[in-house]
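To start, I am sharing the structure in question, which I have written as structure tokens.
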Amino acid sequence: MNDSAQQIDDATASADASRHLDIIIERPWRRVYEFASDPRNLPRWAAGLAGGEVQREVSQWSMNSPMGRVLISFVPENEYGVMDHTVTLPSGESVLNPLRVLALDDSRCEVVFTLRRGTMSASEFAEDAEAVAEDLATLKEICEQG
């Protein structure tokens with residue numbers, strides 16, 4: 001392995017590293033955005049948030065999840081496909097989840113989720129990346145069916 005490849009590997013292993021997970025969905029970006037940005041649909045495609053009815057709080061949403069009760073706050077609706085949202089865990093820790101829907105053409109889009117490592121171990125980070133990839137595959141399946 002050359003020095004620049006080793007530096008990339010070292011950077012990827014750092015505690016500040018992020019990983020971008022993406023999937024192509026054969027639907028117009030606006031349709032995918034409208035579905036995915038609606039917090040009431042999260043239990044259908046985001047397994048980590050599945051398990052309960054989504055309820056509107058004053059400025060955020062709440063639901064019971066496999067982790068316990070979580071609070072979710074999305075950025076306001078926008079024309080850019082930005083669906084960033086913060087999940088506040090039962091521990092009180094808040095996690096920012098950068099999420100985008102990008103138009104590729106009139107009939108398909110790319111959904112990109114940025115997974116941020118934070119305090120996760122390397123194995124937790126890998127498990128979380130696998131879970132997010134599965135969630136994106138579920139989102140694709142749902143969006144392409146309807």
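Restrict the search to region 88-145; then list the GluC sites (Glu not before Pro) that DSSP places in a loop and that have at most 14 other Cβ atoms within 10 Å of their Cβ.
Taking region 88-145 and a limit of 14 other Cβ atoms within 10 Å, the loop GluC sites (Glu not before Pro) found are Glu93.
Given labels modelled 7 Å from the Cα in the Cβ direction, how far is it in nm from Leu96 to Arg40?
In this crude spin-label approximation the distance works out to 2.9 nm.
Continuing with this model, one more query. Put +1 on the Cβ of each Lys and Arg and -1 on the Cβ of each Asp and Glu in the chain; which of Gly48, Phe113, Asn64 then has its Cα farthest toward the positive end of the dipole?
Asn64
Further, regarding this structure: Could you work out [θ]222 nm for the chain from helices alone, using -39500 (n - 2.57) per DSSP H run of at least four and dividing by all its residues? Round to the nearest 500 deg cm²/dmol.
Computed ellipticity for the chain at 222 nm equals -10000 deg cm²/dmol.
Continuing with the same structure: Given region 19-145, what whole percent of its Cα pairs are spread farther than 17 Å?
Result for the distance tail: 57 percent.
Compute the length gained on full extension between Asp105 and Thr119: take 0.36 nm times their separation in residues and subtract their Cα-Cα distance, giving the result in nm to one decimal.
Extra length from Asp105 to Thr119 when fully extended: 1.3 nm.
Each reported figure results from applying straightforward, stated rules to the coordinates on display, with no laboratory input. Bear in mind the structure is a predicted one, so any value in this text is a computation, not a measurement. Cβ sites come from the backbone with ideal geometry, for glycine too, and all protein chains shown count toward neighbours.
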